[in-house]
Amino acid sequence: MRNTHDISQDLSTPTAPDGFLLGHLAEETRRRALTERAPLATTTGADPDLLAALRDAVDELGPTLLEASHDLSAHPEVSFEEHRSAAALADVVEAHDIEVVREAHGLPTALRAEVGDPSGPTIAVMSEYDALPGIGHGCGHNVIATAGLGAFLALAAVRDRLPGRVVWLGTPAEEGGGGKEIMAAHGALDGVEAALMVHPFTYDIADPLFLGRRQLRATFTGVTSHASAQPFMGRNALDAVNLMYTGVGLHRQQMPATDRVHGVVTAGGDRPNVIPEHAEMLFYLRSEHPESLAVLSDRIADIARGAALMTGCGVELSWDESPPYLPVRGNAALAAAWSTRYGERGRRVLSPDVVPRMFAGSTDFGNVSYRVPGVHAMVKITDEDLSLHTREFADAAVGEEADRVVLDSAWAMAAVSADWLSDPALRQAAVDDFEAAGGAVDVPSYFGQETAR
Ligand SMILES: [Zn+2]
Ligand SMILES: [Zn+2]
């Protein structure tokens, strides 16, 4: 395919996007990855004997974790339907004589288990296990699930020596639905003071950029009439959609580079000879800060109202039919602890600026990270420049490198948890960083309404 049309030829196929920029950014990323390193921990962490016991526990768990990872990958289930996946993970935990709460915190496919001393500090380790329609575990959540499981079971193996409590949360519906927000609204994070998880990727990064995300459904109501005989008696809802889409497009020039807005028309009329009385669009809005996401929301809402005014249609705005995702707030102290422990497995954790900021998505861990200090580390499972959400990435997530990452991540999350439970200086540094970034936010009402189901 060419990247421009030859107008003397058939125009029935699209032109090909030029790959120059992707290649250029990949080259820049590779160059930065050679030199830029994440900072390491300056705090002491856990007792070496405890860490040695965790190392042995992870080694022993290895075959169980990899079997579970491949099993989840072979039986992918989408958001809110992860019944088999949740049961498989719960069964493994119960096989280690640990009680599991199934259907935990308001969701049929959520899980919770805990070990250690509830009178001490409490840290949570999270496992996602939802897949994508049509492409299975193209986001590699089988790696997330089993790395979290491994960290929890390793910590459970030394539970009598833990100076605090570890909560394991099986969190459904990250790809759509905001499972962590729903669980948090049902008490999953009550008493929890820090949270950890990993996500597979093509680079090892402790503190990556994730944008906040909201959804807006704009429903325009017009007046139907005969499009030829009495058009003057109509109000055209499709015109309103057209003007909103155009207004959003024009607004893009004024948006900061890290804001995103993308929409589709979900209803636009039925027949040309009837002036459409019902038309509807669904937009996703994304931004790097909760504050800037609120600003973007106001602008897009005004554009919708403007479209209604211009066409004489009615408009109804429905925000966040599933919970909005806040951006991920990094935590320097926990990220440094992560980089140190993950580095002990021969990993080179990169600074967050290695990957171009334009390659950012969103995750419901953002909502966790505005409640408690947290780390959402990206872990490198493939050398290829593969994109998340592809079949190729699903294959990579059960490859040899991904298997090694499951065990390395299980170790690192277990070790950081032990560090955090053992070391008041690390806990204080994490809190200081969290408070300096603005402290805990009332997430469900952040955008002015209750949003968790
Ligand atoms: Zn994903
Ligand atoms: Zn994912």
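Given the criterion part of a strand (DSSP E or B), of a type in the set (A, V, I, L, M, F, W, C) and open to solvent by less than 70 Å² (accessible area, probe 1.4 Å), identify the matching residue among PHE210, PHE220. Before the answer, list the steps.
Numbers: PHE210 fails: part of a strand (DSSP E or B).
Selected residue: PHE220, the only one of PHE210, PHE220 that is part of a strand (DSSP E or B), of a type in the set (A, V, I, L, M, F, W, C) and open to solvent by less than 70 Å² (accessible area, probe 1.4 Å).
Out of (1) of a type outside the set (A, V, I, L, M, F, W, C); (2) in a loop (DSSP other than H, G, I, E, B); (3) assigned by TED's automatic domain parsing to the domain that holds PHE434, what's the single condition that is false for SER228?
(3) is the only condition that SER228 fails.
Report whether or not THR146 is farther than 14 Å from PRO200 by Cβ and either open to solvent by less than 50 Å² (accessible area, probe 1.4 Å) or among the aliphatic types (A, V, I, L, M) (or both). Spell out the reasoning first.
Details: farther than 14 Å from PRO200 by Cβ: no; either open to solvent by less than 50 Å² (accessible area, probe 1.4 Å) or among the aliphatic types (A, V, I, L, M) (or both): yes.
So THR146 fails the test.
Residue under question is ASP130, and the condition is that it be touching a residue at least 24 places away in the same chain (Cβ under 8 Å) and within 14 Å of ligand 1 (Cβ to nearest atom); does it hold? Please lay out each step first, then the result.
On the way: touching a residue at least 24 places away in the same chain (Cβ under 8 Å): yes; within 14 Å of ligand 1 (Cβ to nearest atom): yes.
Judged against the criteria, ASP130 is a match.
Checking the conditions here, which among THR221, THR258 is among the polar types (S, T, N, Q) and farther than 20 Å from SER362 by Cβ?
Working: THR258 fails: farther than 20 Å from SER362 by Cβ.
Criteria check complete, one pass: THR221.
Looking only at the stretch 107-139, which residues are part of a loop (DSSP other than H, G, I, E, B), under 23 Å from SER422 (Cβ atoms) and in contact with a Leu (Cβ under 9 Å, 6 or more places away or on another chain)?
First, the residues of the stretch 107-139 that are part of a loop (DSSP other than H, G, I, E, B): 107-110, 117-121, 129-130, 133-135, 137-139.
From the residues that got through so far, the ones that are under 23 Å from SER422 (Cβ atoms) too are 117-121.
The answer is ASP117, GLY120, PRO121.
Starting from residues that are among the basic types (Lys, Arg) and over 20 Å from THR64 (Cα atoms), keep the ones in the stretch 151-199 and report whichever is nearest to ligand 2 (Cβ to nearest atom). Even if it seems obvious, please write down each step before you answer.
Residues of the stretch 151-199 that are among the basic types (Lys, Arg), as a first pass: 159, 161, 165, 180.
Retained after the next criterion (residues that are over 20 Å from THR64 (Cα atoms)): 161, 165, 180.
Numbers: ARG161: 33, ARG165: 27, LYS180: 12 Å.
Here the residue is LYS180.
Return the total of residues in the stretch 244-281 being open to solvent by less than 60 Å² (accessible area, probe 1.4 Å) and in a helix (DSSP H, G or I).
Count: 5.
Filter the stretch 161-188 down to residues that are assigned to a loop (DSSP other than H, G, I, E, B) and touching a His at 6+ places or on another chain (Cβ under 9 Å) and give me whichever is most open to solvent (accessible area, probe 1.4 Å).
Filtering the stretch 161-188 for residues assigned to a loop (DSSP other than H, G, I, E, B) gives 162-164, 172-178, 186-188.
Retained after the next criterion (residues that are touching a His at 6+ places or on another chain (Cβ under 9 Å)): 174-175, 186-188.
Details: GLU174: 12, GLU175: 47, HIS186: 88, GLY187: 16, ALA188: 2 Å².
Selected residue: HIS186.
Criterion first (under 16 Å from HIS75 (Cβ atoms) and either surrounded by fewer than 23 Cβ atoms within 10 Å (Cβ to Cβ) or charged (D, E, K, R) (or both)) does GLU114 satisfy it? Please lay out each step first, then the result.
Details: under 16 Å from HIS75 (Cβ atoms): no; either surrounded by fewer than 23 Cβ atoms within 10 Å (Cβ to Cβ) or charged (D, E, K, R) (or both): yes.
Taking the combined requirement at face value, the residue does not satisfy it.
If you check every pair at least six apart or on different chains, which have Cβ atoms under 9 Å apart with a residue in the stretch 89-100 that is within 20 Å of VAL143 (Cα to Cα) first and a residue that is at pLDDT 95 or above and among the basic types (Lys, Arg) second?
ALA90/ARG102
Before we move on, is ASP385 more than 16 Å from ligand 2 (Cβ to nearest atom) and surrounded by 14 or more Cβ atoms within 10 Å (Cβ to Cβ)?
Values: more than 16 Å from ligand 2 (Cβ to nearest atom): yes; surrounded by 14 or more Cβ atoms within 10 Å (Cβ to Cβ): no.
No, not satisfied.
Condition first: within 16 Å of ligand 1 (Cβ to nearest atom) and closer than 22 Å to ILE98 by Cα. Now tell me which residues in the stretch 153-201 satisfy that.
Hits for the stretch 153-201 are THR171, PRO172, MET197.
If you go through the stretch 334-376 one residue at a time, how many are among the charged types (D, E, K, R) and in a helix (DSSP H, G or I)?
Of the residues in the stretch 334-376, the ones among the charged types (D, E, K, R) are 341, 344-345, 347-348, 353, 357, 364, 371.
Restricting the remaining residues to those that are in a helix (DSSP H, G or I) gives 341, 353, 357.
Total satisfying the criteria: 3.
Would you be able to say whether some residue in the stretch 38-45 is in contact (Cβ under 8 Å) with a residue 40 or more places away in the chain, under 25 Å from the mean Cα position of the chain (by Cα) and open to solvent by 90 Å² or more (accessible area, probe 1.4 Å)?
The answer is yes; a qualifying residue exists.
Please go through (1) open to solvent by 10 Å² or more (accessible area, probe 1.4 Å); (2) over 23 Å from LEU72 (Cα atoms); (3) modelled with pLDDT of 95 or more for VAL375 and return the number of the only condition it doesn't satisfy.
(1)
Matching residues to (1) in contact with a Leu (Cβ under 9 Å, 6 or more places away or on another chain); (2) touching a residue at least 60 places away in the same chain (Cβ under 8 Å):
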{"position": "GLY247", "(1), (2)": "no, yes"}
{"position": "VAL274", "(1), (2)": "no, no"}
{"position": "GLU280", "(1), (2)": "no, yes"}
{"position": "TYR284", "(1), (2)": "yes, yes"}
{"position": "GLU291", "(1), (2)": "no, no"}
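A quick yes/no check of all residues on (1) outside the structural domain of ALA173 (by TED's automatic domain parsing); (2) open to solvent by less than 10 Å² (accessible area, probe 1.4 Å):
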site	(1), (2)
THR311	yes, no
ALA332	no, no
TRP338	no, yes
TYR342	no, yes
ARG347	no, no
VAL355	no, no
ALA360	no, no
ASP364	no, yes
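Determine, yes or no, whether ASP408 is open to solvent by less than 40 Å² (accessible area, probe 1.4 Å), in contact with a strand residue (DSSP E or B) (Cβ under 9 Å, 6 or more places away or on another chain) and among the acidic types (Asp, Glu).
Numbers: open to solvent by less than 40 Å² (accessible area, probe 1.4 Å): yes; in contact with a strand residue (DSSP E or B) (Cβ under 9 Å, 6 or more places away or on another chain): yes; among the acidic types (Asp, Glu): yes.
Taking the combined requirement at face value, the residue satisfies it.
Collect the residues in the stretch 347-383 that are of a type outside the set (A, V, I, L, M) and under 22 Å from ASP442 (Cα atoms), keeping them in residue-number order. So that I can check it myself, show each step before the final result.
Our first condition is that a residue be of a type outside the set (A, V, I, L, M); within the stretch 347-383, this holds for 347-348, 351-353, 356-357, 359, 361-367, 369-371, 373-374, 376, 380, 382-383.
Correct list: SER362, THR363, ASP364, PHE365, GLY366, ASN367, SER369, TYR370, ARG371, PRO373, GLY374, HIS376.
The values are calculated or read from the model by the stated rules, or taken from the named source; none is laboratory data. In this text the structure is predicted, and so the values were computed from the model without any measurement. Quick reminder, even Gly has a Cβ in these numbers, built from the backbone with ideal geometry, and neighbours come from all protein chains shown. Note: areas computed on protein heavy atoms with side chains; ligands, DNA, RNA excluded. Shrake-Rupley method; radii C 1.70, N 1.55, O 1.52, S 1.80 Å.
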